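To start, the structure under review is shown below, and the notes come after it.
The values are calculated or read from the model by the stated rules, or taken from the named source; none is laboratory data. Computed from a prediction, not measured in an experiment: that's the story for all the values here. Here the Cβ positions follow ideal geometry from the backbone for every residue, glycine too, while neighbour counts run over all protein chains shown.
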Amino acid sequence: MLISMAKTPSPARDAKEAAIVAAARATFLAQGYDSASMDQIALTAGVSKRTVYNRFRSKEELFAAAIEESCREILPVDLAAIEANLSADHFVSEMAHAYLRGVLAPEALALRRIAAFEAGRNPSLGKVYLTHGPAFMAATFAPVLERIARREGLKIDDVETAIYQLGSLISEPLYTQMLLGAPPPDFDAAIDLQIESGIKAFWRIYGR
């Protein structure tokens, strides 16, 4: 792959805050959301609980930060620069591979399972995941797709909806299989096939 996938820097986080977010993610993954405590997160981060609360008002805010951090690890540092140096087809293919491998990573799948489980009894936590996960990714990619559409002469009325559609086309059914613990025998081949068929379907929908 040609894209340098160094993660997008987190916005204005000092070392302590970055350590807190990393500790929160590790704690959520190890214990689930409900069992994770601010005390344990502070201990894992090597800071006081007061320091945690000075930066994050609640466990829910920390979960949001952990989800968004996972998304940033999928994104390259300079999305616009990479887009400018690749053809539309090559750019979409490269980003599709980066996205799909990111969301299928074990930690990303585990966080999705936690959010889905907790959302049944705590709908606000489901909304947190949606806002800082899928919606964050859609908002990030939407301007890029809009520029590609203009360049290719495509008419896409609702770019963010199109991003969700593209995400589904390049990820399903592979994402559901992985989420439910039924990976294909050849993971790499399955990714290539899923993305190839998904992108073809996307371009057919939008009249290319």
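Listed values, structure above:
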read-out: Set 103, 92, 52: member being buried (at least 18 other Cβ atoms within 10 Å of the Cβ) and not assigned by TED's automatic domain parsing to the domain that holds residue 166; value: 52
read-out: Residue 41, sole failed condition from (1) assigned to a loop (DSSP other than H, G, I, E, B); (2) touching a Ser or Thr at 6+ places or on another chain (Cβ under 7 Å); value: (1)
read-out: Count - residues of region 106-121 that are surrounded by 15 or more Cβ atoms within 10 Å (Cβ to Cβ) and free of Cβ contacts under 8 Å to residues at least 24 places away in the same chain; value: 1
read-out: Filter pass, residue 87 being under 15 Å from the mean Cα position of the chain (by Cα) and surrounded by fewer than 15 Cβ atoms within 10 Å (Cβ to Cβ); value: no
read-out: Leading residue by the ranking (modelled with the lowest pLDDT) among those in region 129-180 that are under 20 Å from residue 119 (Cα atoms) and not in a helix (DSSP H, G or I); value: 133
read-out: Unique match (being assigned to a helix (DSSP H, G or I), of a type outside the set (Phe, Trp, Tyr), in contact with a Ser or Thr (Cβ under 8 Å, 6 or more places away or on another chain) and under 19 Å from residue 113 (Cα atoms)) among 23, 65; value: 23
read-out: Residue that is modelled with the highest pLDDT [pool: residues in region 11-43 that are more than 18 Å from residue 111 (Cα to Cα) and exposed (fewer than 14 other Cβ atoms within 10 Å of the Cβ)]; value: 39
